[in-house]
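Please see the structure below; I have some questions.
We did not get these values from a lab; they are worked out from the coordinates using the rules stated. It should be emphasised that the depicted structure is a prediction, and the values quoted were computed from it without experimental measurement.
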Amino acid sequence: MSLSRLQTATDILEARTRVYEAQAYKAHRGMALGSEERSSPLTLGASAVDHCLEGGLACGGLHELRSPLARDIGAATGFALGLAARAMAADRGGRGIVWVTDPATRVDGGGLFPAGLGQYGLDPSCLTMVEPGDLQGAMWAADEAAGCTGLAALIFQIKGNPARFDMTATRRLMLRARQSGVLALTLRQSGEEEASAAATRWRVNTEMSGADDDLERGVGAMRLSLTLERNRAGRTGQWLLAWNPKDRSFDHAAPNPHARANPPAHSLDRLPVSADRRNPSGKMGQVLDHRQDFGRAS
């Protein structure tokens, strides 16, 4: 290839990249192709997060929620349910939620508990659970659901970073959601950071819950550490949020005063205090011989 042809090909590639980035930004802001009308964003309720998102999370696009470890999938699922519940409550004409699961997630991710959906104001009848036999079937079902205009949200739960769910697959999912206006969420369980066509990418970590204000010794609302790792619109950030089941929104939460400044990743990651003790242990009690006759119990 001559130098002039190489330069021409490079210019074409750069031009296509600029067009794609402009289209992706419009999709993030909820704009349809060829239209400058902006749809109302989906607010989370937490003012700092909504301000960072320039008013809220844009529907009609793809957003990724990832839990770095399997033990964080509960918090990430709660975040996804909260967003889906707010999409249902918003005046968007959505009549339901489709939840598609990669079969690999069922081993350590479990399933939804119908009674727990009430914390998010969701009736189990509004959810359609799709459990294909393999990842290829799950991807096909997610694509089809993303194109349904009658839905409020799609949640596609996958495990890890499968090679088949690549940039092309996420771009196709994003385009389907853009055309239908559906809030499409990829719930990545035990996943690493990965390039995709998602407008935003969130990392969700579990946090200790506080006390319930209505119960003397009850467990309070679900709390999570939320990090906006990628945002096509610009800014990122990190927040501590709690789900408010009364208002059905996310609130900013104060740090737990009983939590350690640098908690261990897991209780098994830290040896007991006795293992690091320098002082000799105290005098032990009398050692008994197992051959001693203790008498026969009556």
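Determine the shape class of the range 134-188: with a ≥ b ≥ c the square roots of the Cα gyration tensor eigenvalues, call it rounded for a/c under 1.5, and otherwise prolate if a/b is greater than b/c, oblate otherwise. Intermediate values should be presented prior to the final figure.
Values: a/c = 1.92, a/b = 1.69, b/c = 1.14.
Cα axes put the range 134-188 in the prolate bin.
Related question: Quote to one decimal, in nm, the extra length available between Glu144 and Thr128 on full extension: 0.36 nm per residue of separation minus the C-alpha distance between them. Present the calculation step by step, with values, prior to reporting the outcome.
Details: separation 16, 0.36 × 16 = 5.76 nm, distance 1.31 nm.
Stretched fully, the Glu144-Thr128 segment lengthens by 4.4 nm.
Taking 0.36 nm per residue of separation and subtracting the Cα-Cα distance, what length does fully extending Arg235 through Ala195 add? All intermediate terms of the calculation are to be shown ahead of the outcome.
Working: separation 40, 0.36 × 40 = 14.40 nm, distance 1.73 nm.
Result for the pair: 12.7 nm of gain on full extension.
What base-10 log of the normalised intensity I(q)/I(0) is obtained for the range 47-102 from the Debye formula, alpha carbons as equal point scatterers, at q = 0.14, 0.15, 0.31 Å⁻¹?
Relative scattering, expressed as log10 I(q)/I(0), comes to -0.47, -0.54, -1.35.
Something else about it: For Ser225 and Ala169 in one chain, what is 0.36 nm times their gap in residues minus the Cα-Cα distance, to one decimal in nm? Intermediate results must be reported in sequence, preceding the final value.
Numbers: separation 56, 0.36 × 56 = 20.16 nm, distance 2.83 nm.
Between Ser225 and Ala169, full extension yields an extra 17.3 nm.
Let me ask another. Using Stokes-Einstein with the Kirkwood hydrodynamic radius over Cα pairs, what translational diffusion coefficient do you get for the range 139-254 at 25 °C and a viscosity of 0.890 mPa s, in µm²/s rounded to a whole number?
On the way: Rh = 16.1 Å.
This corresponds to a translational diffusion coefficient of 152 µm²/s.
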